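The structure appears below as structure tokens.
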Amino acid sequence: FKMCPGRVICKLLCSGEKEVDLAVQSAKAAFKIWSQMSGMERSRVLLEAARIIREQREEIATMETTNNGKSIFEARVDIDISWQCLEYYAGLAGSLAGEHVQLPGGSFGYTRREPLGVCVGIGAWNYPFQIACWKSAPALACGSNAMVFKPSPFTPVSVVRLAEIFTEAGVPKGLFNVVQGGAATGQFLCHHPDVAKISFTGSVPTGIKIMEMAAKGIKPVTLELGGKSPLIIFSDCVLENAVNGALVANFLTQGEVCCNGTRVFVERKILDVFTKEVVKRTQKIKIGDPLLEDTRMGALINRPHLDRVQGFIKQAKEQGAEVLCGGDLYVPDDPKLKNGYYMRPCVLGNCTDNMTCVKEEIFGPVMSILPFDTEEEVVERANTTKFGLAGGVFTRDIQKAHRVVAALKAGMCFINNYNVSPVELPFGGYKASGFGRENGRAAIECYSQLKTVCVEMGDVESVF
């Protein structure tokens with residue numbers, strides 16, 4: 001792979017109804033083998049896959065950077081999280097058990113966690129490899145399901161490598177299948193009668209469509225959708241830490257992160273000093289070739305998305321926001337990067353809650369700063385959104401921190417940090433940001449179904 005932004009790196013055929021059916025049938029056949037294996041046997045296979053990913057970290061990270069445009073620095077972190085995810089669920093695979101309940105007269109009951117069957121994963125283009133691991137690891141390790149995965153058509157490459165790694169590690173052929181394509185391929189997957197569950201990461205409009213399609217087959221869904229998350233900076237914070245948090249909450253992966261804290265509420269006492277420092281630090285972010293070690297911001301995913309982000313900034317100015325830095329297109333000095341979809345990270349000041357840039361998900365490197373005066377006020381304003389994916393608080397007052405995150409209507413909250421994604425902790429949203437959870441033990445419930453067995457030790461008493 002060579003970094004040539006704006007150029008085609010490969011061409012793949014979209015999977016039609018025939019190919020989708022072949023993938024599902026292949027997964028069904030593999031499921032029969034995989035579901036008969038013990039948890040320890042599945043664990044060993046997943047650990048081997050994790051070992052291969054860890055061993056090939058640099059190669060896969062380079063592939064992901066070329067696939068997506070994010071910096072190699074970030075891509076390495078994504079790959080590390082990926083193999084850690086496989087290791088985590090491999091560790092759980094052999095220890096999952098049901099519950100035993102003692103009943104009167106020596107009778108008893110017990111529960112079993114059983115796999116769903118063939119599950120579908122539909123990924124987004126911002127974390128292609130990592131999302132595929134987040135969805136497949138709990139499905140394969142804990143529920144002993146099979147999975148057919150469809151990556152975004154904008155980032156189709158690295159998930160194919162994951163499928164190869166699973167095969168090398170010893171999963172039955174077809175247990176993790178990849179189909180390529182856009183909306184039509186996704187529809188074939190959602191409507192397929194042999195698909196038992198759908199897990200989707202992406203936009204709210206697409207999530208609504210997937211939920212509607214799944215409802216026709218009464219299929220459970222996990223939806224990890226968009227966000228417009230609040231990041232609350234109190235005046236008693238450690239300022240340098242809060243500034244670092246704001247940058248991490250807005251500019252990772254060129255701002256193309258669903259849980260980013262793009263509404264930065266700053267207590268008025270420190271508004272000027274905080275804003276000045278954030279602008280100074282934002283202007284120093286190194287943009288350019290994402291394969292270079294010192295690059296911290298690569299190119300956005302494609303031209304239409306870049307134009308969309310630019311449109312939000314233009315509209316923000318028209319509505320009265322002030323561009324404090326960035327927001328313009330960036331052309332690197334290297335001629336091979338001249339067609340890349342680069343822009344300077346943007347900080348908007350003079351923002352109000354009713355502006356489009358504050359209400360709608362931009363999904364680009366655009367931070368909106370809003371002043372506040374009281375805790376009660378900022379909590380109310382933070383919750384005034386249709387989204388509920390994440391939220392963050394920076395303060396030295398730990399009681400206040402816990403009080404505020406308890407009041408936030410969001411599924412993933414951060415105290416004195418942001419965008420940390422340990423695989424041990426569940427991740428997912430409230431309200432229009434979706435439901436169901438990735439990661440942690442909570443994901444096990446999303447990929448299994450509960451069976452209850454009641455055992456009577458005496459005679460059945462006749463009531464007729």
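The values are calculated or read from the model by the stated rules, or taken from the named source; none is laboratory data. Being a predicted model, the structure only gives us computed values, none of them experimental. Here Cβ is always computed from backbone atoms with ideal geometry, including for glycine, and neighbour counts include all displayed protein chains. What goes into the accessible areas is simple: the full protein's heavy atoms, side chains included, and nothing from ligands, DNA or RNA. Shrake-Rupley method; radii C 1.70, N 1.55, O 1.52, S 1.80 Å.
Brief remarks follow.
- Conditions (1) assigned to a helix (DSSP H, G or I); (2) surrounded by fewer than 18 Cβ atoms within 10 Å (Cβ to Cβ): number failed by residue 357: (2)
- The set of residues in region 247-269 that are aromatic (Phe, Trp, Tyr) and under 17 Å from residue 69 (Cα atoms) contains only 251.
- Residues in region 416-436 that are surrounded by 16 or more Cβ atoms within 10 Å (Cβ to Cβ) and within 18 Å of residue 249 (Cα to Cα): 416, 418, 419, 421, 427, 428, 429, 433.
Every residue, every condition in (1) at pLDDT 95 or above; (2) more than 21 Å from residue 385 (Cβ to Cβ); (3) not assigned by the TED database to the domain that holds residue 114, yes or no:
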site	(1), (2), (3)
424	yes, yes, yes
427	yes, no, yes
434	yes, no, yes
464	no, yes, yes
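- Hits in region 3-32 (condition: surrounded by 15 or more Cβ atoms within 10 Å (Cβ to Cβ) and under 19 Å from residue 341 (Cβ atoms)): 3, 5
- Boolean, residue 52 is of a type outside the set (S, T, N, Q) and not assigned by the TED database to the domain that holds residue 153: no
- Residue check, residue 61 in the same structural domain as residue 145 (by the TED database) and either among the polar types (S, T, N, Q) or over 30 Å from residue 338 (Cβ atoms) (or both): no
- Hey, residue 316 surrounded by 19 or more Cβ atoms within 10 Å (Cβ to Cβ), farther than 19 Å from residue 410 by Cβ and touching a strand residue (DSSP E or B) at 6+ places or on another chain (Cβ under 7 Å) or not: yes
- Top-ranked residue of region 131-144 - restricted to ones that are open to solvent by less than 10 Å² (accessible area, probe 1.4 Å) and touching a Gly at 6+ places or on another chain (Cβ under 6 Å), ranked as farthest from residue 162 (Cα to Cα): 135
- Filter result for residue 311 (among the small types (Gly, Ala, Ser), open to solvent by 30 Å² or more (accessible area, probe 1.4 Å), in a helix (DSSP H, G or I) and not assigned by the TED database to the domain that holds residue 157): yes
- Meets criteria (in the same structural domain as residue 206 (by the TED database) and open to solvent by less than 50 Å² (accessible area, probe 1.4 Å)) for residue 89: yes
- Whenever a residue of region 45-60 is over 18 Å from residue 127 (Cβ atoms) and in contact (Cβ under 8 Å) with a residue 40 or more places away in the chain, its partners that are outside any helix (DSSP H, G or I) and open to solvent by less than 60 Å² (accessible area, probe 1.4 Å), lying with C-beta atoms within less than 6 angstrom and at least six residues away or across chains, give the pairs 45/170; 45/171.
- Conditions (1) in the same structural domain as residue 361 (by the TED database); (2) in contact with a helix residue (DSSP H, G or I) (Cβ under 9 Å, 6 or more places away or on another chain); number of the one not met by residue 216: (1)
- Residue that is farthest from residue 338 (Cα to Cα) [pool: residues in region 298-324 that are among the hydrophobic types (A, V, I, L, M, F, W, C) and without any contact (Cβ under 8 Å) to a residue 60 or more places away in the chain]: 321
- Extreme residue, nearest to residue 440 (Cα to Cα), among residues of region 52-83 that are open to solvent by 50 Å² or more (accessible area, probe 1.4 Å) and touching an Asp or Glu at 6+ places or on another chain (Cβ under 9 Å): 54
- Residue count for region 27-52 satisfying the condition of being in contact with a strand residue (DSSP E or B) (Cβ under 6 Å, 6 or more places away or on another chain) and of a type in the set (Ser, Thr, Tyr): 1.
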